[in-house]
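Notes follow once the structure below has been shown.
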Amino acid sequence: MKIWIDFCNTPQVSFWLPFIKEFQEEKYELLLTCRDSSNTVALLQLYGLDYTIIGKKTGKRKIRKTILFIRRLLILYLFVRKNKPDIAVSQSSFYQPIVSWLLGVNCLYTNDNEHARGNILAFIFATKVILPIALSKKDFVDQWPLKSKVSFYPSVKEAIYLSQQPELLKQNDSARDVVYFRTEPWSAQYYKGPLNFFDQTLLSLAEQYKLVILPRDKNQLAHYQQKKFNKLEVATKPITLNEIISKCLLFIGAGGSMTRELAVMGVPSMSIYQDNPLMVDKYLADKGCMTIKPSVSVDEINKTLQSDNHIDNLSILNDGKKSYLIIKQLITNL
């Protein structure tokens with residue numbers, strides 16, 4: 001059996017990696033395609049995976065996004081038709097369900113961002129859809145077409161793949177002395193918040209702590225390499241999650257999966273996302289794994305760092321293991 005996976009952004013690589021390893025052990029053939037955006041290609045290279053790049057980052061301009069969306073659909077269609085997969089699976093690829101439908105290939109689609117407009121197309125054209133339990137609220141589910149396709153897994157996506165990495169679950173006794181900051185998603189279609197809103201706070205924090213910036217792309221990298229940020233350390237290439245966990249005193253995220261990853265692993269994590277918080281973030285906050293604080297001062301961050309609150313993340317990870325098995329079964333049954 002040949003399984004096609006399409007990657008459109010960085011978090012999707014981490015999500016599918018444990019599935020890919022198991023597929024390889026079970027001698028399934030894999031067809032991996034990716035869009036060249038953020039750190040997606042770098043991560044695929046880091047894990048030694050064979051892939052084909054089709055398309056690039058689209059930006060936020062609607063006309064450009066539409067043109068590049070249609071262009072990538074066409075190229076994907078021609079490429080996948082030639083390579084003939086048996087089934088397709090994706091996490092947040094809006095392209096794959098459409099191409100799969102055109103080619104008569106069964107497709108499993110999952111996403112954890114209720115604000116992503118591409119979900120509408122994906123729900124229509126996918127064979128099956130599975131979402132995190134946080135999105136199971138009736139007023140949300142009822143707005144989607146063909147909701148009979150939809151089922152739910154009992155966790156968040158980050159817990160799924162992290163629960164499959166026992167080396168990360170071991171207690172780490174090394175000294176944690178780094179505050180990490182993950183930048184806001186500048187070019188994401190769903191993000192309507194301000195840019196560079198946290199810069200002054202970062203400069204203040206750098207006077208007290210070792211601070212590492214995790215940029216999303218070359219533009220953000222160039223921004224934080226300006227002379228005024230010379231007291232900050234800026235990551236010029238992807239840093240492994242294991243390294244971040246071992247050194248992280250506090251993780252501050254302005255959006256995206258990395259904040260949830262650290263929260264799931266029991267590391268003090270704070271979301272300062274400047275748009276409507278996602279249901280999955282609220283879910284983790286309700287579980288006591290994350291703090292949501294869009295407006296936060298240096299004093300409040302200091303208080304957080306000085307507190308000694310224990311984060312009970314084991315139930316989240318256990319649900320992640322259950323969710324992994326549920327999704328694997330769905331793929332097998334496609």
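Think of each Lys and Arg Cβ as +1 and each Asp and Glu Cβ as -1; about the Cα centre, that makes the dipole of the chain roughly 1380 debye. Where in the range 218-243 is the amide nitrogen less than 14 Å from a point lying 7 Å along the Cα-to-Cβ axis of TYR209? Of the residues in the range 218-243, 232-233 have backbone N under 14 Å from the label point off TYR209.
Hey, what number do you get for the chain at 222 nm if only DSSP H runs of n ≥ 4 count, each worth -39500 (n - 2.57), divided across all residues, to the nearest 500? When only DSSP H runs of four or more count, the value is -12000 deg cm²/dmol. Computed packing ranks the peptides 96-102, 114-120 as 96-102, 114-120, most packed first, by mean other Cβ atoms within 10 Å. Distance between the pseudo-spin-label points of LYS62 and ALA222 (7 Å out from Cα toward the beta carbon): 2.7 nm. Within straight-line reach of LYS321, meaning a Cα separation under 18 Å, sit the following aspartates and glutamates at least 8 residues removed in sequence or on another chain: GLU22, ASP112, GLU158, GLU167, GLU261, ASP312. Rounded to the nearest 10 degrees, the inclination of helix 314-333 to the longest alpha-carbon principal axis of the chain is 20 degrees. Among the listed pairs LYS27/LYS157; LYS2/LYS82; LYS21/LYS287; LYS157/LYS328; LYS2/LYS149, those with a Cα-Cα distance over 20 Å are LYS27/LYS157; LYS21/LYS287; LYS2/LYS149.
Only protein heavy atoms count here; under a 1.4 Å probe, TYR51 has an accessible surface of about 60 Å². Distance from the C-alpha centroid of the range 105-137 to that of the range 26-90: 18 Å, rounded to the whole angstrom.
Near VAL80, once Lys and Arg are set to +1 and Asp and Glu to -1 for all other residues with Cβ below 12 Å from its Cβ, the sum equals +3.
The values are calculated or read from the model by the stated rules, or taken from the named source; none is laboratory data. Keep in mind that this is a model prediction, so the values were computed, not measured. Ideal geometry is used to build each Cβ from the backbone, glycine not excepted, and the neighbour counts take in all protein chains shown. Heads up: the accessible areas ignore ligands, DNA and RNA and are worked out on the full protein's heavy atoms, side chains in. Shrake-Rupley method; radii C 1.70, N 1.55, O 1.52, S 1.80 Å.
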